[in-house]
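Scroll down for the structure; my scribbles are underneath it.
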Amino acid sequence: HTLQYEFSGGARGTSDQWLGEGFAEWVEVEVLVRLGFTTRLEARRVMLTRLRDAGVARLPALSQMVTFPDWVAIVQRFGQEAVYGHAMLATEFLLDRHGLPAAISYFELFRASNDRGVNFRQAFGQELRQFEAEFNPRLATLLR
């Protein structure tokens with residue numbers, strides 16, 4: 001999260017909570033991979049196992065996890081492991097499609113504007129709902 005605050009000029013901002021949490025999880029995995037403690041494939045397997053073990057048949061939409069209060073309510077309802085795993089896998093997919101510079105740009109955009117939707121669209125070239133529509137089938141395939 002420290003990186004996100006630095007990118008946004010030191011402000012907490014109003015970035016999508018799922019993306020903030022998912023990005024933090026993604027950075028953690030990248031550090032562990034670089035230090036030789038795991039591989040990306042193993043980290044993804046662990047996340048998917050956590051999602052399956054949580055028994056969550058239908059996870060909430062990313063668009064329902066944009067504010068901190070939304071995030072807390074969903075974590076309490078579905079469990080921390082499942083929700084953080086969901087956010088990390090969504091972030092991984094977003095980064096695979098658009099690259100790390102786009103994610104950094106997203107957080108940097110909050111220096112000038114707290115409009116999540118505009119910042120997401122500007123950084124990633126699509127609406128969050130469109131991204132969700134592309135990610136959900138990918139997640140369903142991974143969970144099989």
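Looking across the range 110-135, the residues that are among the small types (G, A, S) and either in contact with a His (Cβ under 7 Å, 6 or more places away or on another chain) or under 19 Å from R97 (Cα atoms) (or both) come down to G117, A123, G125, A133.
Quick grid of which residues meet (1) in a helix (DSSP H, G or I); (2) surrounded by fewer than 21 Cβ atoms within 10 Å (Cβ to Cβ); (3) at pLDDT 90 or above:
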position: R50; (1), (2), (3): yes, yes, no
position: A57; (1), (2), (3): no, yes, no
position: P60; (1), (2), (3): no, yes, no
position: S63; (1), (2), (3): yes, yes, yes
position: V75; (1), (2), (3): yes, yes, yes
position: A82; (1), (2), (3): yes, no, no
position: M88; (1), (2), (3): yes, no, yes
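Please work out if G117 is over 24 Å from E28 (Cβ atoms) and either among the basic types (K, R) or surrounded by 13 or more Cβ atoms within 10 Å (Cβ to Cβ) (or both). Answer is yes for this residue.
Within the range 16-48, the set of residues being part of a loop (DSSP other than H, G, I, E, B) and among the polar types (S, T, N, Q) comprises T38, T39. For the range 28-47, indicate whether the set of residues that are open to solvent by less than 70 Å² (accessible area, probe 1.4 Å) and closer than 18 Å to N136 by Cα is non-empty. Checked against the condition, which is being open to solvent by less than 70 Å² (accessible area, probe 1.4 Å) and closer than 18 Å to N136 by Cα, the range 28-47 yields at least one hit.
The values are calculated or read from the model by the stated rules, or taken from the named source; none is laboratory data. All values derive from a computational prediction rather than experimental measurement. Cβ coordinates were reconstructed from backbone atoms using ideal geometry, including for glycine residues, and neighbour counts include every protein chain displayed. Each accessible area value is taken on the protein alone, full model and side chains, heavy atoms only, with ligands, DNA and RNA left out. Shrake-Rupley method; radii C 1.70, N 1.55, O 1.52, S 1.80 Å.
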